[in-house]
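Remarks on the structure that follows.
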2 protein chains.
Amino acid sequence: MTKRVTIADVAREAGVSMMTVSRAINDKGEISPATQQRILAIAKEMDYRPSGLARGLATQRTATVGLVVPDIANPFFSQIARGVEDIAYAHGYNVFLLNSVEDVDRERAALDSLWEKQVDGLLLCSSRLDQKTLVERLQQFRYVVLVNRLLQTAVDGVCTINVDDTAGARQAVDYLLNAGHETIAFLAGPRQSLSSQQRLSGYQQSLQAYGRPLRQELILHCEPDTEGGYNAALSLLTAHPDVTAVYAFNDLIATGTLKACQELGRRVPQDLAIIGSDDIPLASLVTPSLTTLRITKRHLGTTAMQTLLHLIQQSEPPPAADQTLHPQLILRNSTLPHPH
Amino acid sequence: MTKRVTIADVAREAGVSMMTVSRAINDKGEISPATQQRILAIAKEMDYRPSGLARGLATQRTATVGLVVPDIANPFFSQIARGVEDIAYAHGYNVFLLNSVEDVDRERAALDSLWEKQVDGLLLCSSRLDQKTLVERLQQFRYVVLVNRLLQTAVDGVCTINVDDTAGARQAVDYLLNAGHETIAFLAGPRQSLSSQQRLSGYQQSLQAYGRPLRQELILHCEPDTEGGYNAALSLLTAHPDVTAVYAFNDLIATGTLKACQELGRRVPQDLAIIGSDDIPLASLVTPSLTTLRITKRHLGTTAMQTLLHLIQQSEPPPAADQTLHPQLILRNSTLPHPH
DNA sequence: GTGAAAGCGCTAACAT
DNA sequence: ATGTTAGCGCTTTCAC
């Protein structure tokens with residue numbers, strides 16, 4: 001490993017004070033262009049690279065942010081992470097990545113650890129902390145962007161970004177109703193999930209807006225995976241053969257529904273239309289390909305990081321402190337073309 | 001944001017010197033248990049948390065490592081990242097995540113940035129830098145683990161972890177030969193990929209070991225996605241209907257092959273056996289589910305981080321400085337049960 | 001067992 | 001436009 005060249009080394013070599021070198025490097029203007037050029041040349045020659053630690057200690061800024069996600073191996077979060085890092089990179093920031101693994105203790109430890117590292121800001125995704133603990137912890141940080149988590153009361157220096165699941169669900173069900181479907185079921189995923197509750201609400205709103213009855217027996221909760229969807233769809237379609245369309249909590253459940261249809265001899269989309277959610281890569285690979293609600297996860301990440309940067313650099317929240325992203329309906333072959 | 005409590009504050013409060021507080025906190029033993037207890041209690045009471053920056057500056061250790069991947073949104077790397085972070089967390093380290101996005105300039109910038117942040121070690125995945133630049137850059141870091149990249153000549157402080165693609169391919173083709181297949185094709189993926197070349201070599205070795213001829217017309221390169229696999233399989237099976245088994249470069253190509261079979265009316269696995277590679281989540285979801293070579297990406301990550309920790313903490317390479325992980329053959333429904 | 005002084009590498013604030 | 005001083009918060013070294 002190369003020995004570290006310090007600012008003192010460069011100063012000595014250039015025959016100036018450390019301060020002059022510092023000014024040359026940080027390009028604040030308050031230095032004569034001539035000496036700046038000379039010093040930069042010498043610094044480059046000596047392969048001088050400033051120490052982030054020393055600089056951070058002196059300025060109390062680290063050009064570093066923390067990103068806490070439940071699980072980076074989950075594509076939903078890894079795509080967000082990609083968006084975050086892209087923006088961070090473009091602005092000279094580095095990202096600490098921490099997994100909370102759905103464990104409140106580890107999430108708390110992650111936040112402690114980021115505090116010790118003195119990050120300039122925090123991006124916290126899908127926090128599982130209860131409201132009180134969450135607010136308490138967030139106040140430790142100067143700037144925070146909360147992704148996919150609502151905050152009951154505003155906290156200073158905290159912005160939020162969420163997905164409008166209600167509107168997404170309404171969009172999906174509206175589409176099905178417009179296409180002439182009378183009996184639309186909802187495979188609702190985990191009962192305790194906030195997203196599930198919001199989508200249920202959208203489903204209900206849509207039916208109501210079209211003056212259709214809400215039939216509780218057409219709402220089935222299930223595990224958010226292929227098998228859960230398969231089982232739920234099997235019992236649903238057996239008990240209620242009049243169902244002509246299914247809106248699923250996610251694409252895996254939708255895929256399970258597809259399997260159930262194969263087994264029951266129901267053709268998709270002719271006998272049963274299916275809409276999923278998330279637009280995971282699998283959605284376009286199954287046969288028939290799935291109509292689904294796309295959430296642009298990468299965009300979620302870039303937006304979150306941009307918001308955080310705004311907070312950090314302007315010391316105040318951006319115009320839209322609490323943003324809501326809207327899912328987009330991607331039409332594929334698991335629904336029939338719109339009749340109009 | 002809470003004002004930072006420093007070690008001086010705690011010292012004043014406890015009526016001792018800063019040094020004593022430091023000793024209490026770092027638990028080096030050289031302090032009377034009584035005062036240590038007292039100080040720790042006071043520190044906790046005051047919610048004192050040491051500054052990572054100050055400590056790092058003083059000790060020249062940051063308890064921080066850098067992880068550079070081509071793209072964290074790629075499941076292959078996000079799973080590695082998960083493994084890395086798990087081990088890092090368990091040992092009190094934090095991880096800087098950087099994407100090189102297949103761009104050598106950005107990869108170089110990532111390494112520069114990590115050097116400025118003074119990471120204790122570096123995990124570099126699938127580096128695209130040429131040998132010379134790579135070695136030059138790596139020497140800047142005290143400790144490095146190179147993942148999925150071979151190093152022509154050993155470099156001090158650098159360990160490597162790779163996947164034995166050759167052995168994996170041999171395993172797959174051996175299995176097919178044992179199952180009685182005579183005519184086995186290889187859908188080889190991108191020609192320039194190292195993995196592809198190694199798997200080709202395994203394919204050849206296996207045929208040779210069983211005394212089978214190598215037929216060049218049964219080796220088709222294609223894009224490593226579903227469509228590439230579909231097209232390649234279509235032309236392969238049309239031109240050579242005698243093929244009874246396909247070994248595919250990855251699971252997406254295998255999935256494309258599956259589609260081609262549906263179209264051509266060839267039953268899988270009865271008319272054609274298929275083996276994929278990687279065991280992506282999709283592999284178990286398609287019908288029939290894919291027999292595939294599983295690479296335990298998460299394990300790759302944990303092993304890499306453990307190796308790096310060993311380097312950092314013992315200041316010397318572990319017994320196995322250059323490791324090779326072996327893919328595991330996961331038997332599913334796209335191949336017939338083994339005849340024995 | 002505990003403390004005082006010096007320094008890690010840099011920059012803010014004040015000179016000049 | 002450039003230099004000086006002091007200090008960011010901690011640990012190392014060497015006294016006591």
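Can you pull out the trypsin sites (Lys or Arg not before Pro) in region A:256-286 whose DSSP state is coil and whose Cβ has at most 14 other Cβ atoms within 10 Å? If you can, show how the numbers build up before the last one.
On the way: sites: A:259, A:266, A:267; in loops: A:266, A:267.
Within region A:256-286, the qualifying trypsin sites (Lys or Arg not before Pro) (loop, at most 14 other Cβ atoms within 10 Å) are A:267.
How would region B:7-59 be classified by its alpha-carbon gyration tensor: rounded, prolate or oblate, with rounded meaning a/c under 1.5 and the a/b versus b/c comparison settling the rest?
On the way: a/c = 1.81, a/b = 1.29, b/c = 1.40.
Verdict is oblate for region B:7-59.
Place the label 7 angstrom along Cα→C-beta at residue A:216 and in each other copy, then list the distances from the first to the rest in nm, shortest first.
Computed spacing set for this position: 7.2 nm.
Whole-Hz Karplus ³J(HN,Hα) for region B:319-325, in order, using 6.51 cos²θ - 1.76 cosθ + 1.60 and θ = phi - 60°, x for Gly and Pro?
Rounded to whole hertz, the list is x, 9, 6, 10, 9, 10, 9.
Sticking to Cα atoms, compute the Rg of chain A to one decimal and its Dmax as the biggest Cα-Cα distance, whole number, in Å.
26.1, 88
Can you list the residues, at least 5 places off or on another chain, whose amide H is less than 5 Å from the amide H of residue B:273, using H built in the peptide plane?
Those lying under 5 Å, H to H, from residue B:273 are B:245, B:246.
Measuring nothing but label to label, 7 Å from Cα along Cα→Cβ, what are residue B:153's distances to the other copies in nm, shortest first?
6.7
Under the definition of Cα pairs under 8 Å and six or more residues apart, what whole-number percent is the relative contact order of region A:165-294? Kindly include the intermediate steps, with their values, before the conclusion.
Working: 231 pairs, mean separation 31.7, N = 130.
Computed over region A:165-294, the figure is 24 percent.
Once all Cα-Cα distances of region A:46-153 are split into 10 Å bins that start at 0, what whole-number percent is in each one?
Answer for region A:46-153: a P(r) of 14, 45, 30, 9, 2, 0 percent.
How shielded is B:286-299 by partner chains, expressed as the average number of their Cβ atoms within 10 Å of its Cβ atoms? Present the calculation step by step, with values, prior to reporting the outcome.
Working: counts 5, 5, 0, 0, 0, 0, 0, 0, 0, 0, 0, 1, 1, 0.
Average per residue, whole number: 1.
Which of the trypsin sites (Lys or Arg not before Pro) found in region A:154-244 are loop residues per DSSP with 12 or fewer other Cβ atoms within 10 Å of their Cβ?
Values: sites: A:170, A:191, A:199, A:215; in loops: A:191, A:215.
Passing both the DSSP loop test and the Cβ count: A:191.
Using a Gaussian network model on chain A with a 10 Å cutoff between Cα atoms, which of A:23, A:137, A:294 fluctuates the most?
A:23
Report the label-to-label distance for residue B:212 and residue B:321 in nanometres (one decimal), using points 7 Å from each Cα along the Cα→Cβ vector.
Output for this residue pair reads 4.0 nm.
With a cut-off of 15 Å, note down the residues of region A:166-198 whose backbone N falls inside the zone around a label point 7 Å from the Cα of residue A:205 toward its beta carbon.
A:166-175, A:195-198
Find the sum over both chains of the accessible area lost when A and B are paired, probe 1.4 Å, and report it in Å² to the nearest 100.
Numbers: alone 17160 and 17190 Å², together 29310 Å².
The buried area between A and B, both sides summed, comes to about 5000 Å².
Scan chain B and report its longest stretch carrying no GluC sites (Glu not before Pro) that are both in a DSSP loop and have at most 13 other Cβ atoms within 10 Å.
B:183-340
Taking only protein heavy atoms into account and a 1.4 Å probe, give the accessible area per residue of region B:7-59 in Å². The partial results should precede the final answer.
Values: 3130 Å² over 53 residues.
That works out to 59 Å² per residue.
With chain B treated as a Gaussian network of Cα nodes joined by springs under 10 Å, which of B:178, B:148, B:99 yields the largest mean-square fluctuation?
Maximum fluctuation in the GNM of chain B, among the listed residues, is at B:178.
Please compute the average number of Cβ atoms from other chains found within 10 Å of each residue's Cβ in peptide A:72-84.
Numbers: counts 12, 13, 4, 5, 0, 4, 10, 5, 2, 6, 10, 2, 2.
The shielding value for this peptide is 6.
Mind checking the mean number of beta-carbon atoms from other chains within 10 Å of the Cβ atoms in B:115-122?
Mean shielding by partner chains, rounded to a whole number: 4.
Which entries of A:44/B:117; A:259/B:259; A:297/B:117 have Cα-Cα distances beyond 20 Å here? Intermediate values should be presented prior to the final figure.
Numbers: A:44/B:117 18 Å; A:259/B:259 16 Å; A:297/B:117 28 Å.
From the list (A:44/B:117; A:259/B:259; A:297/B:117), the Cα-Cα distance tops 20 Å for A:297/B:117.
Taking only C-alpha pairs under 8 Å that are 6+ residues apart, what is the relative contact order of chain B in percent?
16
If B:132, A:297 are ordered by their accessible area, calculated over protein heavy atoms with a 1.4 Å probe, which sequence runs from highest to lowest? All intermediate terms of the calculation are to be shown ahead of the outcome.
Numbers: B:132 150, A:297 15 Å².
Ranked from most to least accessible, the order is B:132, A:297.
Per residue, how much accessible area does region A:165-294 show when a 1.4 Å probe rolls over the protein heavy atoms, in square angstrom?
Accessible area per residue, region A:165-294: 39 Å².
How far is it, in nm, from the label point at residue A:128 to the one at residue B:333 when both lie 7 Å from their Cα along the line to the Cβ?
Distance between the two pseudo-spin positions: 3.3 nm.
Restricted to Cα positions, what overall size does region A:114-219 have along the principal axes? Three whole-Å values, descending.
57, 22, 21
Quote the FRET efficiency, to the nearest 0.05, computed for residue A:28 versus residue A:155 with a Förster distance R0 of 25 Å and r equal to the Cβ-Cβ distance. Could you put the intermediate results ahead of the total?
Values: r = 34 Å, r/R0 = 1.35.
For R0 = 25 Å, the calculated efficiency reads 0.15.
Does region B:165-294 classify as rounded, prolate or oblate by the C-alpha gyration tensor (a ≥ b ≥ c root eigenvalues; a/c under 1.5 gives rounded; else a/b over b/c gives prolate, otherwise oblate)?
Working: a/c = 1.33, a/b = 1.17, b/c = 1.14.
Judged from the Cα gyration tensor, region B:165-294 comes out rounded (a/c under 1.5).
Where both partners of a DSSP beta bridge lie in chain A, what percent of those bridges are antiparallel, to the nearest 5? Walk me through the intermediate numbers first.
On the way: 3 of 39 bridges.
Bridges in chain A that DSSP calls antiparallel: roughly 10 percent.
Given the rule -39500 (n - 2.57) for each run of at least 4 DSSP H residues, summed and divided by the residues of chain A, what is its mean residue ellipticity at 222 nm, to the nearest 500 deg cm²/dmol? Mind showing how you got there, number by number?
On the way: 12 runs with 151 residues, N = 340.
Calculated mean residue ellipticity at 222 nm is -14000 deg cm²/dmol.
Can you give the % of DSSP beta bridges in region B:165-294 that are antiparallel, to the nearest 5?
Details: 0 of 14 bridges.
Given both bridge residues lie in region B:165-294, the antiparallel proportion sits at roughly 0 percent.
Write down the radius of gyration of region B:287-340 and its Dmax, each obtained from C-alpha positions, in Å.
17.2, 51
Quick one: check the C-alpha center-to-center distance for region A:299-325 versus region A:99-167, whole angstrom.
When both Cα centres are located, 14 Å separates them.
Taking N as the number of residues in the protein assembly as shown, what is its alpha-carbon radius of gyration divided by 2.2 N^0.38 Å?
Numbers: Rg = 28.6 Å, N = 680, 2.2 N^0.38 = 26.2 Å.
Taking the Cα Rg and dividing by 2.2 N^0.38 Å, one obtains 1.09.
Which of these, B:183, B:35, B:238, has the largest mean-square fluctuation under a Gaussian network model of chain B (Cα springs below 10 Å)?
Maximum fluctuation in the GNM of chain B, among the listed residues, is at B:35.
Put a point 7 Å out from Cα along the line to Cβ at residue B:193; what are the distances to that point in the other copies, in nm, shortest first?
Going from nearest to farthest copy, the values are 3.1 nm.
Residue by residue through region B:124-138, which ³J(HN,Hα) values in whole Hz follow from phi under the Karplus form 6.51 cos²θ - 1.76 cosθ + 1.60 (θ = phi - 60°), with glycine and proline marked x?
Result, ordered by residue: 10, 9, 6, 4, 9, 5, 6, 3, 5, 4, 4, 4, 4, 6, 4 Hz.
Simple spin-label model, 7 Å along Cα-to-Cβ: residue A:239 to residue B:44 in nm?
With each label point 7 Å from Cα toward Cβ, the separation is 5.2 nm.
The values are calculated or read from the model by the stated rules, or taken from the named source; none is laboratory data. No experiment lies behind these values; they were computed from the predicted model shown. Note that we place each Cβ from the backbone using ideal geometry, even for glycine, and neighbour counts take in every protein chain shown. Note: accessible area is taken over every heavy atom of the protein model, side chains too, but ligands, DNA and RNA are not part of it. Shrake-Rupley method; radii C 1.70, N 1.55, O 1.52, S 1.80 Å.
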